[in-house]
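The values are calculated or read from the model by the stated rules, or taken from the named source; none is laboratory data. Only a predicted model underlies this, so the values are computations on that prediction, with no experimental measurement involved. Cβ atoms come from the backbone with ideal geometry, glycine included; neighbour counts cover every protein chain shown.
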Amino acid sequence: MNHAIDVQELTRTYIRKSRTGVTRSSEKKSFTALHGIDLHIEPGEVRGILGPNGAGKSTLIKILSTVLLPTSGQARVLGHDVATETAAVRRRIGIVFGGERGLYGRLTARENLDYWAALHGLSRSGRNARTKDLLERIGLGEHADTLADHMSRGMKQRLHLARGLVGDPEVLFLDEPTVGMDPVAAREFRTLVHDLRKDGRTVLLTTHDMREAEAVCDRITLIDRGRVVGTASPDTIGQWITAFERVEAQHVPAGLREKIGRLDGVASIDAHPNDWIQINTDSPGTIRPVLELLVAGGVTMLRTSLPSLEDVYVAVVGDRGLSV
């Protein structure tokens, strides 16, 4: 089976210029956002690209969607080269960038979608049917005649999702699609992604939210500083999250701190301002005995938190990488 997305040794370097257009010899003249990455995604797969801000996620999406040219290497979408067969690629993809870019504020939700449907060559009746279906599907049916400028940020992002589906794409690129969405809208978005999988579409989703990637993706590729660190299943990502949970507590007596520090799975205890401490774990199941000791010791100011992606990189991935 041919890959829906096939990336080989892809590199993208940006040339930096000063405001005067002249770069001093002491200044860094270029920045490499992608360092020869490889990526292979099967038809019908929902793949997450997970990484912190500046990791190269958006650059990758822009190259695959023909917005940017690669500096070197090759990328193919549905068998078509993104650099030399751009028209063929664009006919078969949809793209949604996070934020509020790309909508016409003085047009209604219906008019925005009708405009984009016309650009895709749909007939009048086809545009009407597609627009109505998409507005209902993303929960904006009652706001079809609301101007985009009068919509909340979350509503605008839903409209972005609809716009990405106007052309009935076989491959859909979602770049931070839930930015600005409230929890209810984000949950509905996850349902939509599951529906897209049932339709047989290939979805490439970029995010820095580990929970979001875990919830909707078949596989997740970690990318950091323009390099693929590894590819793992959502189950593996979930194990990392659980293993490195943290507990924060206030006014913990010194003796109780020492007792907690001797528990198996407690990696370290860090002091924070206002007599708070952070208890870091490094194995699944540690969080429960930590909480039991704190409650038994009379500590009432407690909260738990999940690790940041950077924490996971440092603790699990940073020094050794993963097998792809």
Which one of the conditions (1) surrounded by fewer than 22 Cβ atoms within 10 Å (Cβ to Cβ); (2) touching a residue at least 24 places away in the same chain (Cβ under 8 Å); (3) over 22 Å from the mean Cα position of the chain (by Cα) does Asp133 fail to meet, given that it meets all the rest?
-> (2)
Just a yes or no: is a residue in the range 94-102 outside any loop (DSSP other than H, G, I, E, B), touching a Phe, Trp or Tyr at 6+ places or on another chain (Cβ under 6 Å), modelled with pLDDT under 95 and closer than 30 Å to Arg211 by Cα?
-> yes
Every pair of residues 6+ apart whose Cβ atoms lie under 8 Å, when the first sits in the range 162-178 and is on the phi > 0 side of the Ramachandran plot while the second is among the hydrophobic types (A, V, I, L, M, F, W, C) = Glu176/Phe97
Residue match in the range 240-251 (condition: over 30 Å from Ile223 (Cα atoms) and either in the same structural domain as Thr207 (by TED's automatic domain parsing) or surrounded by fewer than 12 Cβ atoms within 10 Å (Cβ to Cβ) (or both)) | no
Output the residue which, of all residues in the range 149-163 that are surrounded by fewer than 21 Cβ atoms within 10 Å (Cβ to Cβ) and among the small types (Gly, Ala, Ser), is farthest from Val77 (Cα to Cα).
-> Ser152
Does Glu310 satisfy being modelled with pLDDT under 90, surrounded by 15 or more Cβ atoms within 10 Å (Cβ to Cβ) and of a type in the set (Asp, Glu)?
-> no
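One line per residue, one yes/no per condition, for (1) in contact with a Cys (Cβ under 7 Å, 6 or more places away or on another chain); (2) modelled with pLDDT under 90; (3) of a type outside the set (Lys, Arg); (4) over 29 Å from Gly36 (Cα atoms):
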| position | (1), (2), (3), (4) |
| --- | --- |
| Cys217 | no, no, yes, no |
| Val229 | no, yes, yes, no |
| Pro234 | yes, yes, yes, no |
| Trp240 | no, yes, yes, no |
| Pro253 | no, no, yes, yes |
| Gly261 | no, no, yes, yes |
| Leu293 | no, no, yes, yes |
| Leu302 | no, no, yes, yes |
| Ala315 | no, yes, yes, no |
Within the range 86-93, is even one residue closer than 30 Å to Asn2 by Cβ and without any contact (Cβ under 8 Å) to a residue 12 or more places away in the chain?
-> yes
Return the only residue of Val179, Val203, Val184 being assigned to a loop (DSSP other than H, G, I, E, B) and in the same structural domain as Ile63 (by TED's automatic domain parsing).
-> Val179
